[in-house]
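Quick notes on the structure that follows.
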């Protein structure tokens, strides 16, 4: 018997068993003269391989046509797919079946008669053995009896391998009729398979192994001789619930990532083959550990690998060899090199299983190795003894037209041996024996998970995020749960923003959402699209710098100089770019997506357009870049930002530093050419397009001011004032939206964006030179004030200490001064009672003293808000005594109590500050026949409202001024005045109180300061060059004032003020790429190159635009300060990362991506 794989012999042996058993069944039919359905069970099972009857005969004149089904068979045959599944062919000779198989009545007119044909079923099987048979007549050892058991009860019909004339080929029947007949036939055959198993035909003998070679084990690998190569379709479309297309897309993404790494290193002219595991999916050079004529050196360039399932436990792993070169004399010698294209090497790989976290697939493990895998590299025989990934000759494709067949065989042997041994070790070390997946769409990178949505979501509008919102109280009653995010407790999250948020010692917090940043870019894109659409005939988007800056967000055409001419190297039409914030703690980078609708690109070669290349079309590409986010300090000599009569001089600007860009292949999308043989061209197109974008287009965005996201004024000692709440210290941090139990999410499209657009950047500030707290803001609650589909532009938070206690209560002290009545009692002269009731504000000694509000109770948190009180009490008694024991006692008591209630519940668009007061006056006179006294009370209520709804400007208004209401006045003994006690002047309390308290107190003057702070555009934050306004105010339970940010209703066009940096454009800059060859190896030379631009007259047909950006290579930072040209003639002072640190103190995290095409 053959020492190699004995699967072919085993298949032949099994089919011969069926042939022998069928012959026995046929002989049994003849022996028993069987023409009708057997009445004895033993005869029915003994003849079922030859004939099968289903139904009942008629009592009179029984005939086969009485039955619903009858068939005579040829011998069944099997063909193996893999080591777990086979195709069982039920071979028909003749017979009939009744179409109406559901009816118990058999009507002969419904019979369909058939002739020779074959019905194929896909059947799983199991190999097992009766072990350790010891019998001296067999031999001197212990032997095994090998068996196979077919699971016919789960057989699946395979139409592709079936041959049914009149059913599968009779198209004039119509699809419905054909389907109905096939359904009926399969109904009967599944009953036949039940009898097939009862008769024991599902168990077969494997190859006998009774020789006298006790140390030898027969190797039978059915997968290597299977028929998967002729299966045009497979019923298996997923592995452990993960679609095959998703897995192949994942592998393609990994391949693109490896090509990006390698292309960058090639561009940097670095020999990096010792780091082969970083790009092994893209290219590889052999690293033989053996010597011999069969070990040929070769350099292979791959396309993306692909998988196809054989069954649930095995798959085909195919390496797409786009280009391969064999070096017979070694890599150092360019002679005797043989070049081939479009080979495919396929391996059969076992699927070990899937790992789950919270019920979701996180990875699928492939068995690339066995326990003795390392021995496979050296010992060929063990590749069969301990199979792991096995090379399949049937499923591989080579160039069989090569003239030297002997040499070709040598090359094929070298490739297949190397890939199935050495190369697999590299893949294992690189982690590619595990296919990572999460919720069908996760890409695994070095430092965590990043969501990559389906491509269709990017190009098609979706309303999927609407389904995220509901007001259900808990998951048990919620029917709106999303398959990815589950139950989101929106109402609880919304309420917790007011009960759980804390400023942790920061004076002012300004939060901007990811959605706000993307709204900024969307507005710019809309403006650019309008400009492009309105260009006069004959005008181009590249005619001058102003037009370039106007149009670059929508359309851009790039030129480079190649000597005396400038050449068009790239054109692109964009959708609005997107920015994705990172939830990684301490992250100071964002993902910047360029969405390319269509364009053309010329291939690049060493920094220049390839001479023989005429350009290539592209469409529907999405390029992802990791861009450093920095907070720059700038000084403005002339800016359009002004607040009242002040112009902004100092500001911090949050900007994208396009000088520090990391291209993220793992998050980018590319439209395939539709033919796998073009993967190398796709790779070159992608490399070239990214090169021109990263080295030229980003400079255009900088010059257009599109790198500046937000401008935040802050104070300097020399400033003469900008705004009362302007911070003197400012830093920033990212703050993810927590949608449930510490669950956060990143994304910009579709349902991912519904959560991701709520992630925030927080600017943390201190006022008046106050010392900032230690560390950044820990998570306490979400600061986003929106709910459901619509997301907020941002949030402004003024701490309790800095506003409520530092400003608001101080402003409202004026009301206490106006409403507090102070009693002044100098005495009685000549029977005249000199009692003065004076408002505190008019009192000679008290008017400059504060009337401070005081929080009542041990805790200031109450059910409906925060409550403050002011109380003042004056009590006077004057005793006057004369000779003879006569005396008079004059007394006055005046109490003032004011109350302020600040609501801490949310009322959309409004806060009502409720003020109320009460003054009690009591005056009395003793020494008369009876006591004389008089009392009176006045009360008042007022409301100050902060009104700010979406789409309307914020207003501070008085809903109700202070108008006193008098009550509870009583008087006793007043009739005595002027009779017994002539000359005593005694006015009652009500009269005195009315004289002392104004009839109305206007509060407009009180709220003037509040109007200055809040009304109009919010002067402490500018989005790009757009103003924002406050809306939807609310106090949280801690007393912090929270506003939602909205687009300013006073805003003009989104480009307002942007072109002050452009000036009068009469010339355009054309940059000579010929300078680059001498400067590729020195990053400082490229810095100088930026200054070597030469002026040239405008060309009427094409105009150059940019110099390449100075992008650092992989692993390098920038020396010194990166060049920055801020708008409005501002001067950069320094650049701050999180915690206010400089870049050298906050390293740029480059681990998640690959810096590609940078400045070289």
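Derivation of every value follows stated rules applied to the coordinates shown; laboratory data play no part. Computed from a prediction, not measured in an experiment: that's the story for all the values here. Ideal geometry is used to build each Cβ from the backbone, glycine not excepted, and the neighbour counts take in all protein chains shown.
Figures for the structure shown
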{"read-out": "Extension gain, residue 780 back to residue 334 (0.36 nm per residue minus Cα-Cα distance, nm)", "value": "154.0 nm"}
{"read-out": "Hull-based mean projected area of region 41-163, where the convex hull spans the alpha carbons, in square nanometres", "value": "11.1"}
{"read-out": "Theoretical FRET efficiency, 1/(1+(r/R0)^6), r = Cβ-Cβ of residue 294 and residue 27, R0 51 Å, to 0.05", "value": "0.40"}
{"read-out": "Extension gain from residue 564 to residue 94, taking 0.36 nm per residue of separation minus the Cα-Cα distance", "value": "160.9 nm"}
{"read-out": "Residue 680-residue 534 FRET efficiency (beta carbon distance; Förster radius 45 Å; 0.05 resolution)", "value": "0.65"}
{"read-out": "FRET efficiency, residue 482 to residue 397 (Cβ-Cβ, R0 35 Å, nearest 0.05)", "value": "0.20"}
{"read-out": "Ranked list, fewest to most other Cβ atoms within 10 Å of each Cβ, for 31, 522, 1011", "value": "31, 1011, 522"}
{"read-out": "Relative contact order computed over region 550-590 (Cα-Cα under 8 Å; 6+ residues apart), in percent", "value": "33"}
{"read-out": "Equivalent ellipsoid, region 7-230 (semi-axes from 5 times Cα gyration tensor eigenvalues, Å)", "value": "37, 22, 13"}
{"read-out": "Length-normalised contact order for region 7-230 - Cα pairs under 8 Å, 6+ apart - percent", "value": "21"}
{"read-out": "Packing-based exposure ordering (other Cβ within 10 Å, fewest first) of 739, 13", "value": "13, 739"}
{"read-out": "Kirkwood-based Rg to Rh ratio, region 9-113, C-alpha trace", "value": "1.05"}
{"read-out": "Gain in span if fully extended, residue 880 to residue 854, counting 0.36 nm per residue against the direct Cα distance", "value": "5.5 nm"}
